[in-house]
Amino acid sequence: MNTRQQQLDAFNRLLDIMEDLREKCPWDKKQTLQTLRHLTIEETYELGDAILDNDLQEVKKELGDILLHIVFYSKIGSETGDFDIADVANEICEKLIHRHPHIYGDVVVESEEEVKQNWEKLKLKEGKKSVLEGVPKSLPALVKASRIQDKAKGVGFDWDEPHQVWDKVEEEIQEFQDEVEQGDQEKIEAEFGDVLFSMINYARFLNINPEDALERTNKKFIKRFQYLEGKARDMGKPLADMTLAEMDVFWNEAKKV
């Protein structure tokens, strides 16, 4: 692995390249915080994919892309006189020191859970009115639900045992089925949301990341469906013309691949 000096040299090299690009490249010169935003989100999802695939070379590549964006935003901030990369780094350093009094102070903790609870209490002392303020509004709904529940747990608003959560899941499923029978679409959707929320909560109690679990299922379905499409092409038969029974044969084959 690289030494600390080599790491610092590499970071300095990136800062120098960013200076050159901002000064000389027509595309880079035009970028703003707003134009980079959607690209940053895309890069973050690509990093997430690489992590799920456990492709460490791709993880390294995507981390580089995200690091570039951080440096890019910081360069733009320096041009407006609002902040630069040193301000960004120092800001997170100060936050980490403040949020870890069990490392940089005299607070004693016995578990990871106590660390999380102290973290949320410290944020409230910093002036936040709600522990939920730290949940970004633009997060995808499934991820947001998980973060909301995790934040609430940090201040003690939680069930005691997994079976209590499962009881709630069953209760919500029954309420959903009742509304399906009644046929009121708005209430059906509301109850379906409650079912999802309760399932995400149960996943948390089982130490399952619901976003990761669902994305792995998405990937598994895509792989099997594309296998099915390939078999249909080999037969010279449009997939839409195959019977469900024919599809099932290849679907079951795909499970073994």
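The values are calculated or read from the model by the stated rules, or taken from the named source; none is laboratory data. The model shown is predicted, which means the values in this text are computed figures rather than measured ones. Cβ: placed from backbone, ideal geometry, glycine included. Neighbour counts: every protein chain shown. These area figures cover heavy atoms from the full protein model, side chains too; ligands, DNA and RNA do not enter into them. Shrake-Rupley method; radii C 1.70, N 1.55, O 1.52, S 1.80 Å.
Distance between the 7 Å Cα→Cβ label points at Asp234 and Asn252: 1.7 nm. For the chain, take the longest principal axis of its alpha carbons; what is the angle in degrees between that and the long axis of helix 33-52, to the nearest 10 within 0 to 90? With rounding to tens, the tilt is 60 degrees. Please identify the longest segment of the chain free of exposed GluC sites (Glu not before Pro), where exposed means a DSSP state other than H, G, I, E or B and no more than 16 other Cβ atoms within 10 Å. By the stated rule (loop sites, at most 16 other Cβ atoms within 10 Å), 127-257. Using 0.36 nm per residue and subtracting the Cα-Cα separation, the extra length available between Tyr227 and Lys24 on full extension is 68.4 nm. Counting only residues at least eight positions apart within a chain, or on another chain, the lysines with an alpha carbon under 16 Å from that of Lys123 are Lys95, Lys151, Lys153. The angle between the Cα long axis of helix 112-125 and the main principal axis of the chain comes to about 60°, on a 0 to 90 degree scale. Structural descriptor for the stretch 19-140: relative contact order 12 percent, calculated from alpha carbon pairs under 8 angstrom and at least 6 residues apart.
Taking trypsin sites (Lys or Arg not before Pro) as exposed when DSSP calls them loop and at most 12 other C-beta atoms lie within 10 angstrom, the chain has its longest site-free stretch at 1-128.
For the stretch 60-135, the set of chymotrypsin sites (Phe, Trp or Tyr not before Pro) satisfying both a DSSP loop assignment and a count of at most 15 other C-beta atoms within 10 Å is given as Phe83. Annotation: per residue accessible area for the chain equals 71 Å², rounded to a whole number [probe 1.4 Å, protein chains only]. Spatially, the stretch 69-132 and the stretch 195-254 are offset by 40 Å when compared through their Cα centroids. Annotation: extensible slack from Leu33 through Val143 equals 37.2 nm (criterion: 0.36 nm per residue apart, minus Cα-Cα distance). Cα axis of helix 85-99 to longest principal axis of the chain: angle in degrees, 0 to 90, nearest 10? Here the helix axis deviates by roughly 70 degrees.
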